[in-house]
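Everything on this sheet refers to the single structure shown next.
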Amino acid sequence: MNLTQEQKDRVESILAQMTLEEKIGQVNLESPSIVGGFDVPFEELIEMMTDGRISQEEFGQIMATSTRDYHEDDIRAGRVGAMMGDDPVKANELQKIALEESRLGIPLLMGFDVIHGLRTVYPIAIAEAGSFDDDLFERTAHMAAEESRAHGITWNFAPMIDVARDSRWGRVSEGPGEDPRLGARFARAKIRGLQNDQSSKEKYVAACMKHYVAYGACESGRDYNTTMMSNSMLHNVYLQTFRAAVEEGAASAMASFNDLNGVPCTVNPYTLRTVLKDGYGMNGFVVSDANGIKECVTHGIARDDEDAGVQAMNAGLDMDMGTHIYKDYLRKAVEEGRVSMAVLDDAVRRILNVKMWLGLFENPYVPEESIAEYADRDVPQAHSDLALEAAEKSIVLLKNEESLLPLQPDTKISLVGSLADSRTEIIGAWAMSWQERDCVSIRQGLEKRGANVKYFACGGPEGDLNKEEIEEAAQWGDVIVAVLGELDSMSGEASSKADITLPGKQRKLLKKLLKTGKKVVLVLMNGRPLALGWEDENVPAILEGWHLGVRMGDAVAEVLLGEKVPEGKLSSSFPAVNGIEPLYYNHPSTGRPGSKSKFTSRYLDAPFAALYPFGYGLSYTTFSYSDLTVKEQKDCLEISVKVANTGEREGTETVQLYMQDVTASLVRPVKELKDYRKITLAAGAQETVQFTLPKQDMGFFNNDAQYVLEDGLFRIFAGGNSRDCLEAEICIAF
Ligand code: GLC
């Protein structure tokens, strides 16, 4: 995030005029307090929904009728730096109070969770990352920025760029998967898409890279759980996406809930100051996650709220989300010298930097025409079409025996599973501002294309199976397309699962469908990798559809009917059975690499290798790889590999380049993704794909957080996934 000297000078001039009270106001992020409309405290209401005493629908109805306190008086008094919300009319009202009624007229940051689209929701990140399409990552983020600004949002709590290797964690759905390199390129593209189009203030927002840091390494895949790792692991794996985002100019970061090596990230001076601000040079600010400062008392690192607040501010946590601890205790802490004015000034300066960079001091208002554009209307067609493109590119073909897919024209399709008829479960976790009117179910997608399809619910992620419907489905269609998977609520925050097989009675439903003797195509709608060993053994065709957003129905129908050739790959490994997470491809060798031999790193009762590995995905055509060559140049390796389309249809392949540092001062992964390139080849065509691997990119961080390049033997791999690769060796002396 770059400011002009004039902007920097203006920030300093404002800072110099601020009272201690006004400075403390800037580090306070408020959200509209839910008041009235029901007779229990809001927290109790949340608990009632969580334990099922009220349904999500009932909760939504109560929320719709409740009133909200937007803290207008606090804004007037300069005690609020930022507010959460996605209502453009309310945002304009609050900005007007801040600009015209507070003493210094400092505008508000309006923040909101826009993780994979606001109104036009596109695929969840774990899916979109599988497109391996950096340009797409950027374009969808740009669309989200435009829609955010039109709704008065100037600060998106995105991108979520937590590397995650344990699919029991529900938040794997929100991030770019298990690999730091794919994650870093995803992060860069998202920052560019959110922040870089400054052609008008309606086109860019401040990003908030989250959750800083290593939240995805929560022990046992249990959300909010402790994280413990070597410094080399932290730097080589979990920091890579954040370092990339800072290099692209990320305007802010959100500290994560987890304790890391004994110090919660909310109060961790090593990660916040040493690494992020001093090391990476981030000139934006860090906000806590919801309630994060207060939870440091529960972590056991702070005696009480006040102590937590003092630790957090001194550690480099610039803004308090939702606890009022800064608002309540910072004055006393500064007056008593436990927080220096310089530390507080640095936090306020960072926040003012972002507001200045956003142009909010000139004009923080949402133009009336922007408000009208979205008010009770369909999303812009261009946005809807981009969501479709993203969905098409994120679908992964996992299995296709006897080329059952694409379905032949006029095939009678028995469409089974309640998810197939849903226009809401296609959206995925962490999307709050979409409208069902913009959504296309899989059933609609097939019907609007004139497919000969009949829908039979039969069952779903919850509840019982309907035997009659199963029998009817089996009798009616030539082929059964079963859409099975997870509800949105089964992934995302606070949605860790110990059992990551198909939830409910869906496997039982599959067994019944297979027993009928009809061919079955399994279409998955899920937010995390699932344990699919049984399905892989018994179902002839499997399509990974994830939660693809508003146009999921069209994209899946296009692939099923052959209008589109699937090109997605997996951004995360899929296990065969439960119990073998965390599971990832870029693991160390160990002294006894897993094999069929007893005394090796394996299980007695389960396969240790991934069922479907990182980078895996089939097409309606086939590709072959040959002639891998590696040439050393002064500062790089020049690598080339020949790829041929050996099938009958044009297809798009993601050619992946991996590397292994075979012998080093720390054990290194057996493979690390270094680069990837998408190519489209006509049937029978071939192309030689060239990669340049800078020698500088062949090193790693040691436990002193030093980046080292070590002479020795390296293996270079190229292929269409992380398992099936061509291999070459080369010795390098740096
Ligand atoms: C949540 C999430 C975070 C989100 C924040 C604000 O607890 O952890 O991702 O941005 O609160 O909604």
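Some observations on this one:
A quick yes/no check of all residues on (1) open to solvent by less than 20 Å² (accessible area, probe 1.4 Å); (2) assigned to a strand (DSSP E or B); (3) in contact (Cβ under 8 Å) with a residue 12 or more places away in the chain:
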position: Ser597; (1), (2), (3): no, no, no
position: Thr600; (1), (2), (3): no, no, no
position: Phe614; (1), (2), (3): yes, no, yes
position: Ser624; (1), (2), (3): no, yes, yes
position: Val630; (1), (2), (3): no, yes, yes
position: Val643; (1), (2), (3): yes, yes, yes
position: Ala664; (1), (2), (3): no, no, yes
position: Asp675; (1), (2), (3): no, yes, yes
position: Gly684; (1), (2), (3): no, no, yes
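- Residues of the stretch 209-235 that turn out to be within 20 Å of the chain's Cα centre (by Cα) and either outside the structural domain of Val263 (by TED's automatic domain parsing) or not in a loop (DSSP other than H, G, I, E, B) (or both), as a count: 13
- Some residue of the stretch 79-89 being over 23 Å from Ser288 (Cβ atoms), more than 31 Å from the chain's Cα centre (by Cα) and away from the ligand (no atom under 16 Å from the Cβ): no
- Residue check for Met432: within 16 Å of the ligand (Cβ to nearest atom), closer than 17 Å to Gly527 by Cα and under 31 Å from the mean Cα position of the chain (by Cα): yes
- Any hit, the stretch 189-196, residues being within 23 Å of Arg528 (Cβ to Cβ) and within 16 Å of the ligand (Cβ to nearest atom): yes
- Ala494 vs. criteria touching a residue at least 60 places away in the same chain (Cβ under 8 Å), surrounded by fewer than 22 Cβ atoms within 10 Å (Cβ to Cβ) and more than 23 Å from Phe614 (Cβ to Cβ): yes
- Counting only residues that are over 19 Å from Ala473 (Cα atoms) and surrounded by 18 or more Cβ atoms within 10 Å (Cβ to Cβ), the stretch 406-428 holds 6 of them.
- Qualifying residue in the stretch 521-539 (condition: under 26 Å from Tyr215 (Cα atoms), under 25 Å from the mean Cα position of the chain (by Cα) and open to solvent by 10 Å² or more (accessible area, probe 1.4 Å)): no
- Being in contact with a strand residue (DSSP E or B) (Cβ under 9 Å, 6 or more places away or on another chain) and of a type in the set (Ser, Thr, Tyr) is not true of Tyr122.
- The stretch 198-226, residues that are under 16 Å from Leu360 (Cα atoms) and either in contact (Cβ under 8 Å) with a residue 40 or more places away in the chain or within 14 Å of the ligand (Cβ to nearest atom) (or both): Lys201, Glu202, Lys203, Tyr204, Val205, Ala206, Ala207
- Residue pairs meeting the criteria (Cβ under 7 Å; at least 6 apart or on separate chains; first of a type in the set (Asp, Glu), in the stretch 135-155; second open to solvent by less than 10 Å² (accessible area, probe 1.4 Å)): Glu138/Ala189; Glu138/Gly193; Glu147/Leu118; Glu147/Arg119; Glu147/Thr120
- Test result for Thr652, more than 18 Å from Arg181 (Cβ to Cβ), outside the structural domain of Arg181 (by TED's automatic domain parsing) and of a type in the set (Val, Ile, Thr): yes
- Positions within the stretch 421-471 being outside any loop (DSSP other than H, G, I, E, B), over 30 Å from Phe112 (Cα atoms) and not charged (D, E, K, R), in sequence order: Gln444, Gly445, Leu446, Asn452, Val453, Tyr455, Phe456, Ile470
- Leu637 vs. criteria assigned by TED's automatic domain parsing to the domain that holds Val667, in contact with a Cys (Cβ under 9 Å, 6 or more places away or on another chain) and not in a loop (DSSP other than H, G, I, E, B): no
- Test: Val483 is over 29 Å from Ile500 (Cβ atoms), in a strand (DSSP E or B) and not assigned by TED's automatic domain parsing to the domain that holds Asp134: no
- Sole exception among (1) within 30 Å of Gly527 (Cα to Cα); (2) assigned to a helix (DSSP H, G or I); (3) open to solvent by 10 Å² or more (accessible area, probe 1.4 Å); (4) away from the ligand (no atom under 16 Å from the Cβ) for Gly52, by number: (2)
- Qualifying residue in the stretch 568-587 (condition: surrounded by fewer than 24 Cβ atoms within 10 Å (Cβ to Cβ), basic (Lys, Arg) and part of a loop (DSSP other than H, G, I, E, B)): no
- From the list Ala164, Ala127, Ala141, the lone residue that is within 29 Å of Pro367 (Cα to Cα) and either assigned to a loop (DSSP other than H, G, I, E, B) or not polar (S, T, N, Q) (or both) is Ala141.
- Of all residues in the stretch 145-163, those satisfying the criterion of being of a type outside the set (Asp, Glu) and either open to solvent by 10 Å² or more (accessible area, probe 1.4 Å) or over 14 Å from the mean Cα position of the chain (by Cα) (or both) are Ala145, Ser148, Arg149, Ala150, His151, Gly152, Ile153, Thr154, Trp155.
- Test: Ile679 is surrounded by 18 or more Cβ atoms within 10 Å (Cβ to Cβ) and not in a loop (DSSP other than H, G, I, E, B): no
- From the options Leu118, Leu99, residue that is within 16 Å of the ligand (Cβ to nearest atom) and over 23 Å from Glu544 (Cα atoms): Leu118
Each row is one residue, and each column tells you yes or no for (1) open to solvent by 10 Å² or more (accessible area, probe 1.4 Å); (2) under 29 Å from Met110 (Cβ atoms); (3) in contact with a Gly (Cβ under 9 Å, 6 or more places away or on another chain).
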residue: Ala187; (1), (2), (3): no, yes, no
residue: Ser199; (1), (2), (3): yes, yes, no
residue: Val213; (1), (2), (3): no, yes, no
residue: Ser220; (1), (2), (3): yes, no, no
residue: Asp223; (1), (2), (3): yes, yes, yes
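- When the residues of the stretch 236-254 are filtered to those that are part of a loop (DSSP other than H, G, I, E, B) and of a type in the set (A, V, I, L, M, F, W, C), the one that is farthest from the ligand (Cβ to nearest atom) is Leu239.
The values are calculated or read from the model by the stated rules, or taken from the named source; none is laboratory data. Computed from a predicted model, the values in this text were never measured in an experiment. FYI the Cβ positions are ideal-geometry reconstructions off the backbone, even for glycines, and counts take in every protein chain you see. The accessibility values were calculated without ligands, DNA or RNA, using every heavy atom of the protein model including side chains. Shrake-Rupley method; radii C 1.70, N 1.55, O 1.52, S 1.80 Å.
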